[in-house]
Amino acid sequence: MLTRPEVAMSASSSQLHGYPVIREVAKLLDGLEFTTPDGTMVRGDRVRITIDPRWEDEAGAYRVLITCYVLDGQHVDWASMPVRIRPAGDTTGPTFIARLNPNGQAVIKYLPRGQYNLSSAIRYCGGDEPIIYPPDAGEQQVETLAAAAKAPKDAWPEQPTSYVSNDTHLVATPELLPDGRFAITFESTDEALDKANIEFAFVSETGQVEFSDHVVLSKAAQGKLWLARWEGAIEVQQPCRFIFSFQ
């Protein structure tokens, strides 16, 4: 079930501080491969990236620490930059998305043994709170939505929450449709994003991707606007946050 966070996501120019570093990190991560338990390290002109998997007996899986170390010591506002971890080769294993903290680090706690490919993007956005819950956790959310429907008629109508990319050029609005399906509308006024491919995902607290898909922006029939819309049914096993990225 979809819920609406009370505060919409926003972005500012300060989020792009250290943008050349972010661009380099995305380039270095694109196609970077590692295996458990070995990990890997790669170095660029501005940053060094280490992937450090360590076996956790209690979890029965690897705990993977991703660290992006800026070589010249400058401050970088990582703005929760997502790092996608996909099984290498033709496999049905789980995909994970880790998000860098202000120190340029991220942790995946329950990564199965295997071989993985990494990727990221220079433009992205992700919510801090879950917006989709498993069906068996839906009763409380239904009560919340029902209470909202009983608000006084003269009250301001509930506005959809929008998620704004770190460069402010793309806005995503997820919503719950009357028939129980979900919809996500992406929009931009930036002509340079014509035909841009947008990857989105619903990610559990463990970082595992419960559902993902992609859409392509195209010119709207009227006005200077580029749109993409996805609709469908989503079933998740854990509360999930919404994340999207694009190049």
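The values are calculated or read from the model by the stated rules, or taken from the named source; none is laboratory data. Here the structure is a predicted model, which means the values were calculated and not measured. Neighbour counts are summed over all protein chains in view; Cβ atoms, including those assigned to glycine, are modelled from backbone coordinates with ideal geometry. Each accessible area value is taken on the protein alone, full model and side chains, heavy atoms only, with ligands, DNA and RNA left out. Shrake-Rupley method; radii C 1.70, N 1.55, O 1.52, S 1.80 Å.
Which pairs do you get when a residue that is within 26 Å of Val107 (Cβ to Cβ) and free of Cβ contacts under 8 Å to residues at least 12 places away in the same chain, found in region 193-219, comes within reach of a residue that is part of a loop (DSSP other than H, G, I, E, B) and not hydroxyl-bearing (Ser, Thr, Tyr), reach meaning Cβ atoms under 6 angstrom, with the pair 6+ apart or on two chains? Nothing qualifies. In this structure, Asp77 does satisfy being in contact (Cβ under 8 Å) with a residue 60 or more places away in the chain and under 16 Å from Arg23 (Cα atoms). Please verify whether Leu176 is more than 30 Å from Ile66 (Cβ to Cβ), touching a residue at least 12 places away in the same chain (Cβ under 8 Å) and crowded, with 16+ Cβ neighbours inside 10 Å, treating the condition exactly as stated. For Leu176, the condition - more than 30 Å from Ile66 (Cβ to Cβ), touching a residue at least 12 places away in the same chain (Cβ under 8 Å) and crowded, with 16+ Cβ neighbours inside 10 Å - is met. Of the set (1) modelled with pLDDT of 95 or more; (2) touching a strand residue (DSSP E or B) at 6+ places or on another chain (Cβ under 8 Å); (3) not aromatic (Phe, Trp, Tyr), all apply to Gln247 but (1).
For the residues Ala146, Ala192, the requirement of being assigned to a helix (DSSP H, G or I), at pLDDT 90 or above and open to solvent by 30 Å² or more (accessible area, probe 1.4 Å) singles out Ala192. Residues in region 31-44 that are surrounded by fewer than 13 Cβ atoms within 10 Å (Cβ to Cβ) and either more than 22 Å from Val76 (Cα to Cα) or among the acidic types (Asp, Glu) (or both): Gly31, Glu33, Pro37, Asp38. Can you tell me which residues in region 195-247 are assigned to a loop (DSSP other than H, G, I, E, B) and either touching a Lys or Arg at 6+ places or on another chain (Cβ under 6 Å) or hydroxyl-bearing (Ser, Thr, Tyr) (or both)? Thr206, Ala233 - these are the residues of region 195-247 that are assigned to a loop (DSSP other than H, G, I, E, B) and either touching a Lys or Arg at 6+ places or on another chain (Cβ under 6 Å) or hydroxyl-bearing (Ser, Thr, Tyr) (or both). The residue that is farthest from Glu129 (Cα to Cα), counting only those in region 45-68 that are exposed (fewer than 14 other Cβ atoms within 10 Å of the Cβ) and not aliphatic (A, V, I, L, M), is Asp45.
Taking the criterion of being of a type in the set (D, E, K, R), under 19 Å from Pro239 (Cβ atoms), under 14 Å from the mean Cα position of the chain (by Cα) and assigned to a strand (DSSP E or B), the only residue of region 90-133 that qualifies is Arg99.
Can you confirm whether region 208-216 contains a residue that is farther than 16 Å from Gly127 by Cβ and either aliphatic (A, V, I, L, M) or more than 14 Å from the chain's Cα centre (by Cα) (or both)? Checked region 208-216: at least one residue is farther than 16 Å from Gly127 by Cβ and either aliphatic (A, V, I, L, M) or more than 14 Å from the chain's Cα centre (by Cα) (or both). Is it the case that some residue within region 182-189 is open to solvent by 10 Å² or more (accessible area, probe 1.4 Å), touching a residue at least 12 places away in the same chain (Cβ under 8 Å) and under 23 Å from Asp77 (Cα atoms)? No, region 182-189 contains no residue that is open to solvent by 10 Å² or more (accessible area, probe 1.4 Å), touching a residue at least 12 places away in the same chain (Cβ under 8 Å) and under 23 Å from Asp77 (Cα atoms).
What are the residues in region 1-37 that are modelled with pLDDT of 90 or more and either among the hydrophobic types (A, V, I, L, M, F, W, C) or closer than 30 Å to Arg181 by Cα (or both), if any? Matches in region 1-37: Val21, Ile22, Val25, Ala26, Leu28, Leu29, Leu32, Phe34.
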